[in-house]
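Quick notes on the structure that follows.
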Amino acid sequence: MSDLMDLVLKAHGGLPRWQRATTIHAKGAIGGDLWTLVGQEGILANADLTVDVQRQRLVFAGFTSPELRGLFTPDRVAVLGKDGVVVAERTAPREAFAGLSQGAPWDELHALYFAGYAMWNYLTTPYLLTHPGVVLAELAPWHEAHEDWRRLRATFPEEIATHCVEQVFYYDTAGLLRRHDYAPDVLGGTPAAHFTGKHLTASGLVFPTHRYIVPVQAGARALPEPILISIELSELSVT
């Protein structure tokens, strides 16, 4: 691994601790203009989610209703009732975005897939970057907010459900994640900048608890608004 990746892993709890982790549980509010645009405003205003660290799986408790759960895996999303009864499901969920115009209405399963893979990626990073098949390259430093940030470009393999093949991660001098750039395929490849802050330590692992996502213009310059997605995590625990 590069010296930057070594610094990043150490800053976020260390590779051995990530390798021992099994689940991450988080509560908080996920909002922003995107959810209104796609007709799903408030669907994750009271998010309660559990992430499997070692495989790509996430469950939202109370998804759309207190008695329901939303299950995300790369190949299937499902809304489950008591005793695991399937209320709704979709296989090959990424394909359901094909042909949707920008701003076209989503159903609950679209929202579940997008939020499921996105939150799994966010909460397992930087451990995600050690996954077999992920190719990393350090880019030229970036100056923002009166600081110089180091950058890693990650190229993801097909088997990982994520925003897009190439993404860029920005780290401060302590190795903490400060920004993450991508162009989500399911949203038509529109570039976005994801800013992070208010890092919290939970059971030895470090997570940003304040996140917001804005559009990007030419030259990777982020616009101040609109806030496409906001994420505020109030509780985090790791087992």
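For the reader, a short list of remarks on this structure follows.
- Hey, ASP52 farther than 21 Å from VAL79 by Cα and among the acidic types (Asp, Glu) or not: no
- Among the residues here, LEU233 does not qualify as of a type in the set (A, V, I, L, M), open to solvent by 30 Å² or more (accessible area, probe 1.4 Å) and in contact with a strand residue (DSSP E or B) (Cβ under 6 Å, 6 or more places away or on another chain).
- Among the conditions (1) at pLDDT 95 or above; (2) closer than 30 Å to SER101 by Cβ; (3) surrounded by fewer than 18 Cβ atoms within 10 Å (Cβ to Cβ), the only one that SER203 does not satisfy is (2).
- Any pair with Cβ under 8 angstrom, 6 or more apart, that starts in segment 51-69 at a residue that is on the phi > 0 side of the Ramachandran plot and ends at one that is of a type outside the set (Asp, Glu): GLY62/ASN46; GLY62/LEU68; GLY62/ARG69; THR64/ILE43; THR64/GLY70; THR64/VAL79
- Single residue of THR73, THR23, THR50 found to be surrounded by fewer than 16 Cβ atoms within 10 Å (Cβ to Cβ), within 26 Å of VAL165 (Cα to Cα) and within 19 Å of the chain's Cα centre (by Cα): THR23
- Test: residue in segment 206-229 that is among the polar types (S, T, N, Q), part of a strand (DSSP E or B), open to solvent by 20 Å² or more (accessible area, probe 1.4 Å) and closer than 12 Å to GLY32 by Cβ: no
- Residue match in segment 116-131 (condition: modelled with pLDDT of 95 or more, hydrophobic (A, V, I, L, M, F, W, C) and open to solvent by 40 Å² or more (accessible area, probe 1.4 Å)): no
- Total residues in segment 53-70, condition of a type in the set (Lys, Arg), under 18 Å from the mean Cα position of the chain (by Cα) and farther than 22 Å from PHE97 by Cβ: 1
- A Cβ distance below 8 Å, combined with a sequence gap of six or more or placement on separate chains, defines the contacts here; from segment 24-49, residues that are touching a residue at least 40 places away in the same chain (Cβ under 8 Å) reach residues that are open to solvent by 60 Å² or more (accessible area, probe 1.4 Å) and among the aromatic types (Phe, Trp, Tyr) in the pairs GLY32/TYR212.
- The set of residues in segment 53-63 being open to solvent by less than 50 Å² (accessible area, probe 1.4 Å) and not in a strand (DSSP E or B) consists of VAL53, GLN56, GLY62, PHE63.
- Scanning segment 29-47 for residues that are crowded, with 20+ Cβ neighbours inside 10 Å and over 24 Å from GLY188 (Cβ atoms) turns up just one, ALA47.
- Yes/no for ALA88 being modelled with pLDDT under 95, open to solvent by 10 Å² or more (accessible area, probe 1.4 Å), of a type in the set (A, V, I, L, M) and over 23 Å from THR239 (Cα atoms): no
- Identity of the residue in segment 132-167, touching a residue at least 40 places away in the same chain (Cβ under 8 Å), in contact with a Leu (Cβ under 7 Å, 6 or more places away or on another chain) and among the hydrophobic types (A, V, I, L, M, F, W, C), that ends up most open to solvent (accessible area, probe 1.4 Å): LEU136
- Number of the condition not met by TRP18 [criteria: (1) farther than 29 Å from PHE207 by Cα; (2) not in a strand (DSSP E or B)]: (1)
- Residues that are of a type in the set (Phe, Trp, Tyr) and under 18 Å from GLU138 (Cα atoms) were ranked within segment 156-215; the one that is nearest to the chain's Cα centre (by Cα) is TYR182.
- Note on segment 91-115: residues that are in contact with a Leu (Cβ under 6 Å, 6 or more places away or on another chain) and open to solvent by 70 Å² or more (accessible area, probe 1.4 Å) amount to 0.
The values are calculated or read from the model by the stated rules, or taken from the named source; none is laboratory data. Keep in mind that this is a model prediction, so the values were computed, not measured. Virtual Cβ from ideal backbone geometry, glycine too; neighbours counted across all protein chains shown. Side chains are part of the model used for accessible areas, which takes the heavy atoms of the whole protein and leaves out ligands, DNA and RNA. Shrake-Rupley method; radii C 1.70, N 1.55, O 1.52, S 1.80 Å.
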